[in-house]
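Chemist: Before we start, here is the structure in question, set down as structure tokens.
Please treat every number below as a calculation from the coordinates, not as lab data. Small disclaimer: the values here were computed from a predicted structure and weren't measured. So basically every Cβ, Gly included, is an ideal-geometry build from the backbone, and we count neighbours across all protein chains shown.
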Amino acid sequence: MSEAEAVRTLKINILRFDPNDPDDFPHMQTFEIQESAGMTLYIVLNEIREHHDNALMFDFVCRAGICGSCSMLINGRPGLACRTLTSKMDANITLAPLPLFELIKDLSIHTGKWMRGLSERLETWIHEQEQTRDIDMLEERMEPALADEIYELDRCIECGCCVAGCGTIQMRPDFVGAVGLNKIARYHLDPRDKRSEEEYYKLIGDENGVFGCMTLLGCEDVCPKDLPLRSKIAYLRRMMLKVAL
Ligand code: SF4
Ligand code: F3S
Ligand code: FES
């Protein structure tokens, strides 16, 4: 923002609610904040907490789009507060917690609990072949292109934006979502994971897995890491169809 430009007053409307307080109810609260150069929603929320209401709850760890904890609905669209510049927005901004996840309070939600349940359900770890492991044994060499492809999918920060942006999960709560399918695509690509196609089929070969996805593509639209979710879901569907037929 140049000095010549007038400083804007931002109107920040926040959905407030403490589900643990029996006297509380969901309501909107508006705060007025003077915009500053390079301001992100993360900075806005800290200003509110420091100068207006120290009871406001929201999550953050890294402030750099890495930890995934500051995800929320920003003007109705899932996104990361720490990566959203106010200069790119209208002065009237509405913030709400991501839907579908357990609400802790205000903008703070329990994505970690949901993601942990998903990881346990999909067994998102390398399944090696049963063998006596020789500690001096070198790991099999992986082609750099394949390592890059796996790394690309490993960039998921478990923010939950794709879950909140998916209409299928609204109708089918056990659907694993794009985040779950991305994880399975990642392990299926990994040559160190020795699970058979049939074992993968048991995990995602039904309507709560890859056949539940209705290709709504909201997941790819809102993923802050720009993961190639659409192509990986298509790849998994082809793979699972081969097992089914
Ligand atoms: Fe977030 Fe994208 Fe991972 Fe979904 S796939 S949890 S939107 S980083
Ligand atoms: Fe949902 Fe993405 Fe499929 S939005 S329906 S997981 S393409
Ligand atoms: Fe870590 Fe925003 S605070 S992603």
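Chemist: Using θ = phi - 60° and the Karplus relation 6.51 cos²θ - 1.76 cosθ + 1.60, list the HN-Hα couplings for the range 11-16 in order, rounded to whole Hz, with x at every Gly or Pro.
Modeler: Calculated HN-Hα couplings, in order: 9, 9, 9, 10, 7, 9 Hz.
Chemist: Give the lysines reachable from Lys183 as a straight Cα distance under 25 Å; neighbours fewer than 8 places away on the same chain don't count.
Modeler: Partners found: Lys113, Lys194, Lys202, Lys225, Lys232, Lys242.
Chemist: Give me a comma-separated list of calculated 3J(HN,Hα) values for the range 228-245, in order, Karplus coefficients 6.51, -1.76, 1.60 applied at θ = phi - 60°, integers in Hz, x for any Gly or Pro.
Modeler: Coupling constants for the range 228-245: x, 5, 4, 6, 6, 5, 5, 5, 5, 5, 4, 5, 5, 5, 4, 5, 5, 8 Hz.
Chemist: Sticking with this structure for a sec: With point charges of +1 on the Cβ of Lys and Arg and -1 on the Cβ of Asp and Glu, referenced to the Cα centre of the chain, which listed residue (Ile33, Thr86, Cys70) lies farthest in the positive direction of the dipole?
Modeler: Thr86
Chemist: Quick check: pseudo-label points 7 Å beyond the Cα along Cα→Cβ at Lys11 and Leu138, how many nm apart are they?
Modeler: In this crude spin-label approximation the distance works out to 6.6 nm.
Chemist: With θ set to phi - 60°, apply the Karplus curve 6.51 cos²θ - 1.76 cosθ + 1.60 along the range 86-98 and write out the HN-Hα couplings as whole Hz, x wherever there is a Gly or Pro.
Modeler: My calculation for the range 86-98 gives 5, 4, 8, 10, 5, 6, 9, 10, 10, 10, 8, x, 4 Hz in order.
Chemist: Moving on to the next point. Would you mind classifying the range 109-245 by shape? Square roots of the alpha carbon gyration tensor eigenvalues, ordered a ≥ b ≥ c; an a/c under 1.5 is rounded, otherwise it is prolate if a/b is larger than b/c and oblate if not.
Modeler: prolate
Chemist: Given axes a ≥ b ≥ c from the Cα gyration tensor, I'd like to know whether the range 1-126 is rounded (a/c under 1.5), prolate (a/b larger than b/c) or oblate.
Modeler: Oblate shape, in that a/c is at least 1.5 and b/c is the bigger or equal ratio.
Chemist: Further question on the same structure: Only helical DSSP H runs with n ≥ 4 go in: add -39500 (n - 2.57) per run for the chain, normalise by residue count and round the 222 nm mean residue ellipticity to 500 deg cm²/dmol.
Modeler: -10000 deg cm²/dmol
Chemist: Please state the relative contact order of the chain as a whole percent: Cα pairs under 8 Å, 6+ residues apart?
Modeler: Computed over the chain, the figure is 17 percent.
Chemist: Quick one: which residues, 5+ away or cross-chain, put their amide H under 5 Å from the amide H of Ile104? H built at 1.01 Å from N.
Modeler: Ile109, His110
Chemist: Moving to a separate point now. First check a/c for the range 149-212, with a ≥ b ≥ c the square roots of the eigenvalues of its C-alpha gyration tensor; if it is under 1.5, answer rounded, and if not, answer prolate when a/b is larger than b/c or oblate otherwise.
Modeler: Cα axes put the range 149-212 in the oblate bin.
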